[in-house]
1. Counting heavy atoms of the protein chains only and a 1.4 Å probe, report the per residue accessible area for the stretch 67-126 as a whole number of Å².
2. Could you calculate the FRET efficiency of residue 64 with residue 98 from 1/(1 + (r/R0)^6), where r is the beta carbon distance between them and R0 is 30 Å, rounded to 0.05?
Amino acid sequence: MSPDRNDKSPMSNIEKALAELDEALGAGSIDRRAVPFYGPTLLASMNEKDQSMALHAEQARYHEDPEQSAVHFCLTAAISLLEVSQALINQRSPMSPQDRERQWKTLMAYTKTAGRSAYRAASILADQKDYDPPAR
């Protein structure tokens, strides 16, 4: 290990990793808004026709560019987990019970986002088992 790596705190490493991942997510050729994802809560609030249209839009986009869609969801999962780690390392003590409950709810939401994103990436990749890459 190089001497400067020994001087770095876990927080500075997490912050650096987050910055790199944010840059990777933003610098990709894919527009984040172009990778649709409708979570269960949003879908439940839609009527049946809108749900069908939303799910069709998701699948069409994922099939159009599965690699970039999977990359997007993998990076989103990694960023969410690093943000949870950052919050846990930066915990202030002592916290009021209300603040602690609010923090845990936020951390659970970020962890769920990570899990759903990783699952979405795995689903996209699994759908490509018969994938024949287009000629470029």
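1. Each residue of the stretch 67-126 exposes 60 Å² on average to a 1.4 Å probe.
2. Values: r = 45 Å, r/R0 = 1.52.
It comes to 0.10.
The values are calculated or read from the model by the stated rules, or taken from the named source; none is laboratory data. Everything numeric in this text was worked out from a predicted model, so none of it was measured. Here the Cβ is made from the backbone with ideal geometry for all residues, glycine too, and neighbour counts use every protein chain on show. Side chains are part of the model used for accessible areas, which takes the heavy atoms of the whole protein and leaves out ligands, DNA and RNA. Shrake-Rupley method; radii C 1.70, N 1.55, O 1.52, S 1.80 Å.
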